[in-house]
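The block underneath contains the structure these notes are about, expressed in structure tokens.
The values are calculated or read from the model by the stated rules, or taken from the named source; none is laboratory data. Just so you know, these numbers come straight off a predicted model, no measurement behind them. When we count neighbours, we look across all protein chains shown, and the Cβ atoms used for this are built from the backbone with ideal geometry, even at glycine.
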Ligand code: MG
């Protein structure tokens, strides 16, 4: 069941989204060679809690940290660690969730660490652009497949693949609500978009094969071929007019 949010609920979701945006902006500034993902996690926790919010991911199905930090071939759900030191040329996907007054904001970015290869730059640009293409479809009256198809078309036209095992989702009182939002067409148009829907749209785009596997830590998802993966996400509200991105500064 897709839960539509009232104007009042959107006020709170906007606040939660802004905390996520601010956290990601601080993490962008802190991401450089020599920094550990544990330090990024601690910084995120400090900012989220300073605003009276809670890091949504901590304890979610037992997840042991505040953010997900996924380096290079890691797609999503990387666990921050004192042992993971960022090196020049890495890319890091950082996913942040904040819960404020019972409502969740959820967004992700992939950042360069120091100087990255042109191939890595192109992957980051394409994945972020795929997210914007998807947001352009986030209008009342369109269908879920318009969002999914926009990501797939944009990524595949540039020689990339989209991850199929993990998808975007509705978001609100729960981090994961209906509908699931695949980054590829499923051969059905899916639910029609309506004002009050709040959607976490999150392309995960791979340089090589689409297939992934999960490491023995039971969380970290990596590409099967070890090639790079990027991830960008915003929480977006469907309105009577333009889509409203709740996780922008
Ligand atoms: Mg998400």
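Could you tell me whether residue 226 is touching a residue at least 24 places away in the same chain (Cβ under 8 Å) and surrounded by fewer than 21 Cβ atoms within 10 Å (Cβ to Cβ)?
Judged against the criteria, residue 226 is a match.
Could you check residue 103 against (1) within 16 Å of the ligand (Cβ to nearest atom); (2) in contact with a helix residue (DSSP H, G or I) (Cβ under 7 Å, 6 or more places away or on another chain); (3) closer than 16 Å to residue 243 by Cβ and say which number it fails?
(3)
Filter region 72-86 for residues that are buried (at least 21 other Cβ atoms within 10 Å of the Cβ) and assigned to a strand (DSSP E or B); which is farthest from the chain's Cα centre (by Cα)?
Per the stated criteria, the residue is 74.
Check whether at least one residue in region 231-249 is under 16 Å from the mean Cα position of the chain (by Cα), under 21 Å from residue 69 (Cβ atoms) and surrounded by fewer than 15 Cβ atoms within 10 Å (Cβ to Cβ), and report yes or no.
So far as region 231-249 goes, yes, one or more of its residues are under 16 Å from the mean Cα position of the chain (by Cα), under 21 Å from residue 69 (Cβ atoms) and surrounded by fewer than 15 Cβ atoms within 10 Å (Cβ to Cβ).
Could you check residue 169 against (1) in a loop (DSSP other than H, G, I, E, B); (2) in contact with a strand residue (DSSP E or B) (Cβ under 8 Å, 6 or more places away or on another chain); (3) surrounded by fewer than 23 Cβ atoms within 10 Å (Cβ to Cβ) and say which number it fails?
All conditions are met except number (1).
Can you name every residue in region 123-149 that is surrounded by 24 or more Cβ atoms within 10 Å (Cβ to Cβ), free of Cβ contacts under 8 Å to residues at least 60 places away in the same chain and touching a helix residue (DSSP H, G or I) at 6+ places or on another chain (Cβ under 7 Å)?
147
Check whether at least one residue in region 108-120 is closer than 25 Å to residue 51 by Cα, assigned to a loop (DSSP other than H, G, I, E, B) and away from the ligand (no atom under 16 Å from the Cβ), and report yes or no.
Looking for residues that are closer than 25 Å to residue 51 by Cα, assigned to a loop (DSSP other than H, G, I, E, B) and away from the ligand (no atom under 16 Å from the Cβ), one finds none in region 108-120, hence no.
May I ask you to say which residue of 89, 52, 97 is within 15 Å of the chain's Cα centre (by Cα) and outside any helix (DSSP H, G or I)?
Matching residue, one of 89, 52, 97: 97.
Given the structure, is residue 54 surrounded by fewer than 16 Cβ atoms within 10 Å (Cβ to Cβ), more than 21 Å from residue 179 (Cα to Cα) and in contact (Cβ under 8 Å) with a residue 40 or more places away in the chain?
In short, no.
Looking at 67, 48, 94, which one is within 16 Å of the ligand (Cβ to nearest atom), buried (at least 20 other Cβ atoms within 10 Å of the Cβ), touching a residue at least 60 places away in the same chain (Cβ under 8 Å) and closer than 22 Å to residue 30 by Cα?
Unique residue meeting the criteria: 94.
Counting only residues that are over 19 Å from residue 3 (Cα atoms) and either part of a strand (DSSP E or B) or within 16 Å of the ligand (Cβ to nearest atom) (or both), how many does region 177-201 have?
Number of matching residues: 1.
Do we have any residue at all in region 137-144 that's more than 16 Å from the ligand (Cβ to nearest atom) and either modelled with pLDDT under 95 or closer than 22 Å to residue 22 by Cα (or both)?
So far as region 137-144 goes, no, none of its residues is more than 16 Å from the ligand (Cβ to nearest atom) and either modelled with pLDDT under 95 or closer than 22 Å to residue 22 by Cα (or both).
Filter region 145-176 down to residues that are within 26 Å of residue 98 (Cβ to Cβ) and away from the ligand (no atom under 16 Å from the Cβ), then give me how many there are.
Residues that pass the stated criteria total 0.
Take the conditions over 27 Å from residue 10 (Cβ atoms) and touching a residue at least 12 places away in the same chain (Cβ under 8 Å) and apply them to residue 27. Does it pass?
So residue 27 does not fit the description; no.
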